[in-house]
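Worksheet: one structure, shown below.
The values are calculated or read from the model by the stated rules, or taken from the named source; none is laboratory data. A quick note: this is a predicted structure, and the numbers were derived from the prediction, not measured. For neighbour counting, all protein chains shown are included, and Cβ atoms are generated from backbone atoms with ideal geometry for every residue, glycine included. Ligands, DNA and RNA are excluded from the accessible area calculation, which covers all protein heavy atoms including side chains. Shrake-Rupley method; radii C 1.70, N 1.55, O 1.52, S 1.80 Å.
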Amino acid sequence: MSKARQLADLGNVYDDGALSNRNLIINGAMQVAQRGTSTSITAAGSYFSPDRFEAGITATDQLAATLSQSTTSPDGFANSLKFEVTTAETTLDADEIVTIRQKFEGQDLQRIAKGTSSAEQVTASFWVRSSNTGTYILELYDSDNTRQVSKSYTVNSANTWEYKTITFPSDATGAFDNDNNLSMFFMFWLAAGSNYTSGTLNTSWASATTANRVVGQTNLIASTNDFYLTGVQLEIGDTSTPFEHEPYSVTLQKCQRYYYSNTSTSQFYATQYVDTYKFVQWGHPVRMRATPTPTVTYFTGSFSPYQIDDQHFKAYVASSYTDGTTYYTTSYAMDAEL
Amino acid sequence: MIITAVRHTTDFMGQPTNTVIATIDGEELFVPLDPSNRHYSEIMRQVEAGTLTIQEAD
């Protein structure tokens, strides 16, 4: 790319409103994987890994797969998301879907000005690699207004990193709610049954029609294929800019708004609160998106959460001053995902 | 998300808490009564659909 082109692109970015914090995607370089580096998928459901990326799988019968943080990556990246089919789906039924997606809070999407006459285009860019060549669909789905738009891209060469950019049109209809709840899905489709593919691909924003969402999508899960992603970016405007790398600590903090965990050996000890109860408590590392669902294990004792919220966790156990037992947590995770 | 049982809880003073105990995908979880929490949101969606009932505290 020439210097003149780079300067022109930089000017476009400035016109579109941001030189930093351009990327709406969190953890687009797949650096953070707090749940571990690999998750086994044995049934339909939601699976998270790396952080903020979710495999959304519906109605499959035979599919088994792993979702992992891989070290296979293009130059300039250390990690990628890897979806690997270990047992293929023998027949793709009409209602079956497999997606890799990220969900957004409405308050983080206000810059798009969706639903106004000033609505912005957005451009996605990403590195993709798969053993399965063919047409894939990337979709934006507005869950506040049940509207969507889909674009196709092609994986041209098997087992080769390819850089893709896709620009989505603006939408003057249907504003995103300005709150901490789910407003939009950003979805990489890997497989979709005929309920989703039997119409005409909807490439402009419109009320969602299921049959028009994923037309032309290849079926990745027909055999033991793999699919890698990294460098995922979604930004305002019609121009993709170089991936906005950020320090690991910054990405980790962004992820912890939605999920955090601790499996270290030295954790929180319960202290006496009243004659017959001990409490354990700590503050979340960042204010969480919502009051999280806690998963806490204790060395011993039957603890119950107490007045938990988006800023702290607290739990109590029946135990007197004279109780010689030491109570402490041995692992915990807090889930405030969308 | 497969939810098979949900019940209210009381604290050590016998007062209602801000969590329910729910069995979700086979795991027993304390789910906060926060409409923005995805587990509680799904519980309430199923309650409103008439397919799930929140039991009283033991």
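Scanning region A:31-46 for residues that are surrounded by fewer than 21 Cβ atoms within 10 Å (Cβ to Cβ) and under 19 Å from B:ILE24 (Cα atoms) yields a count of 8. Take region A:196-207 and flag every residue that is under 24 Å from A:ILE57 (Cβ atoms) and crowded, with 18+ Cβ neighbours inside 10 Å. Result: A:TYR196, A:THR197, A:LEU201, A:ASN202.
Pick out the one residue from A:TYR228, A:TYR196 that is within 18 Å of A:LEU81 (Cα to Cα) and among the aromatic types (Phe, Trp, Tyr). On inspection, the qualifying residue turns out to be A:TYR228.
Candidates in region A:298-331 are the residues that are within 12 Å of chain B (Cβ to nearest Cβ) and either in contact with a helix residue (DSSP H, G or I) (Cβ under 7 Å, 6 or more places away or on another chain) or more than 13 Å from B:ASN18 (Cβ to Cβ) (or both); of these, the one that is surrounded by the fewest Cβ atoms within 10 Å (Cβ to Cβ) is A:SER302. A single member of A:ASP61, A:ASP95, A:ASP75 is farther than 26 Å from A:PHE176 by Cα, without any contact (Cβ under 8 Å) to a residue 24 or more places away in the chain and surrounded by fewer than 21 Cβ atoms within 10 Å (Cβ to Cβ), and it is A:ASP75. Return the residues of region A:175-225 that are over 19 Å from the mean Cα position of the chain (by Cα) and among the acidic types (Asp, Glu); say none if nothing qualifies. Result: A:ASP177, single match.
When A:ALA43, A:ALA59, A:ALA78, A:ALA29 are checked against the criterion of being within 20 Å of the chain's Cα centre (by Cα) and within 14 Å of another protein chain (Cβ to nearest Cβ), A:ALA43 stands alone in meeting it.
In region A:284-297, the qualifying residues are those that are of a type outside the set (Val, Ile, Thr) and open to solvent by less than 50 Å² (accessible area, probe 1.4 Å), and the one that is farthest from the other protein chains (Cβ to nearest Cβ) is A:HIS284.
Does region A:13-54 hold any residues that are aliphatic (A, V, I, L, M), at pLDDT below 95 and either in contact with a strand residue (DSSP E or B) (Cβ under 6 Å, 6 or more places away or on another chain) or on the phi > 0 side of the Ramachandran plot (or both), and which are they?
Scanning region A:13-54 gives a single hit, A:ALA44.
Inspect region A:177-195 for any residue being of a type in the set (Asp, Glu) and open to solvent by less than 10 Å² (accessible area, probe 1.4 Å) and give the result as yes or no. The answer is no, given that none of the residues of region A:177-195 is of a type in the set (Asp, Glu) and open to solvent by less than 10 Å² (accessible area, probe 1.4 Å). If you go through region A:209-231 and keep only what is surrounded by fewer than 19 Cβ atoms within 10 Å (Cβ to Cβ) and either assigned to a loop (DSSP other than H, G, I, E, B) or not assigned by TED's automatic domain parsing to the domain that holds A:VAL98 (or both), you end up with A:THR209, A:GLY216, A:SER223, A:THR224. Residues that are of a type in the set (A, V, I, L, M, F, W, C) and surrounded by 17 or more Cβ atoms within 10 Å (Cβ to Cβ) within region A:232-250 comprise A:VAL232, A:LEU234, A:ILE236, A:PHE243, listed in sequence order.
Residue-wise test of (1) touching a helix residue (DSSP H, G or I) at 6+ places or on another chain (Cβ under 9 Å); (2) of a type in the set (Lys, Arg); (3) open to solvent by less than 50 Å² (accessible area, probe 1.4 Å); (4) within 14 Å of another protein chain (Cβ to nearest Cβ).
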| residue | (1), (2), (3), (4) |
| --- | --- |
| A:TRP127 | no, no, no, no |
| A:GLY134 | yes, no, yes, no |
| A:THR154 | no, no, no, no |
| A:TRP161 | no, no, yes, no |
| A:LYS164 | no, yes, yes, no |
| A:THR167 | no, no, yes, no |
